[in-house]
Amino acid sequence: MTYRLFAPFALIATVAGAQVVPAPNPDLLAVSAHLKAVHTMTADFVQTDRSGKTLTGKLTLKRPGKIRFQYQDGVPILIVGDGKALTFIDYSVKQVSRWPIGNSPLGVLLDPSKDLTRFARIVDTSDPRIVMAEARDPRHPEYGAITLAFAREPGAPAGLRLQGWVALDAQNNRTSVRLSNQRFNVPVSDGAFAWRDPRPMGPRH
């Protein structure tokens with residue numbers, strides 16, 4: 001089973017045949033407003049890689065900088081953002097890898113100070129019910145990019161509900177993440193982002 005999606009989060013999102021609409025765009029402003037309005041989120045997720053293999057789990061987010069991908073029982077990996085770095089833990093081999101959040105396209109979700117109009121643009125899906133925003137840092141193509149998919153929904157933050165994202169890394173590994181049971185701005189403790197270090201004599205985080 002492939003876990004390369006999150007190591008090192010070098011994601012390049014694509015939407016086949018889509019036409020890119022230059023920013024600024026009213027929908028881009030709505031996406032920005034949504035992200036600024038969401039302080040916490042919990043959701044179930046389904047992750048599908050290029051071979052069609054799927055993993056499920058629970059996503060917990062607390063801005064700025066905190067995120068947790070808790071995978072289904074039997075999957076010995078965990079991904080946690082503590083506000084400064086993203087940590088990939090593989091309990092099967094007792095390995096821990098860390099890299100700055102700023103090197104990850106997930107910074108779009110985690111950093112409320114980011115100005116989307118500088119590095120994101122709206123992708124035309126030809127479906128008025130869907131909004132898709134592609135974000136990438138042109139100065140650092142090695143960081144990749146991410147395309148976020150939203151559904152228009154009255155009552156959701158800024159009228160949008162994050163549905164997931166699509167990614168393609170530098171090795172041509174396409175992965176999608178689909179969300180369900182999203183809950184916005186619910187109480188989330190900082191303790192939700194603690195993790196056990198599997199390395200010998202490793203501290204608890």
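Observations on the model:
- Among Ser97, Leu116, Met132 the positive-end extreme of the charge dipole of the range 78-133 (Cβ point charges): Ser97
- For a straight C-alpha distance cut-off of 17 angstrom, the lysines reachable from Lys66 (same-chain residues fewer than eight places away being disregarded) are Lys36, Lys58, Lys84, Lys114.
- Spread of Cα-to-Cα distances over 5 Å intervals beginning at zero, given as percent, for the range 65-131: 4, 15, 19, 15, 15, 12, 10, 7, 2, 0
- Counting only protein chain heavy atoms and rolling a 1.4 Å probe, the accessible areas of Asp127, Asp115, Asp90 rank, largest first, as Asp115, Asp127, Asp90.
- Between the residues Val177, Gln72, Ala158, the greatest Cα displacement towards the positive end of the dipole of the range 47-205, with unit charges on the Cβ of Lys, Arg, Asp and Glu, is found for Gln72.
- Solvent exposure of Ser180, expressed as accessible area, is near 50 Å², computed with a probe of 1.4 Å over the protein chains only.
- Values of log10 I(q)/I(0), in the order q = 0.12, 0.21, 0.23 Å⁻¹, for the range 79-191 under a Debye, Cα-only, solvent-free model: -0.52, -1.45, -1.56
- The range 106-168 - convex hull of the alpha-carbon atoms, volume per residue in Å³: 95
The values are calculated or read from the model by the stated rules, or taken from the named source; none is laboratory data. Here the structure is a predicted model, which is why all the values come from computation and not from measurement. Positions of Cβ are backbone-derived with ideal geometry, glycine not excepted, and every protein chain shown enters the neighbour counts. Side chains are part of the model used for accessible areas, which takes the heavy atoms of the whole protein and leaves out ligands, DNA and RNA. Shrake-Rupley method; radii C 1.70, N 1.55, O 1.52, S 1.80 Å.
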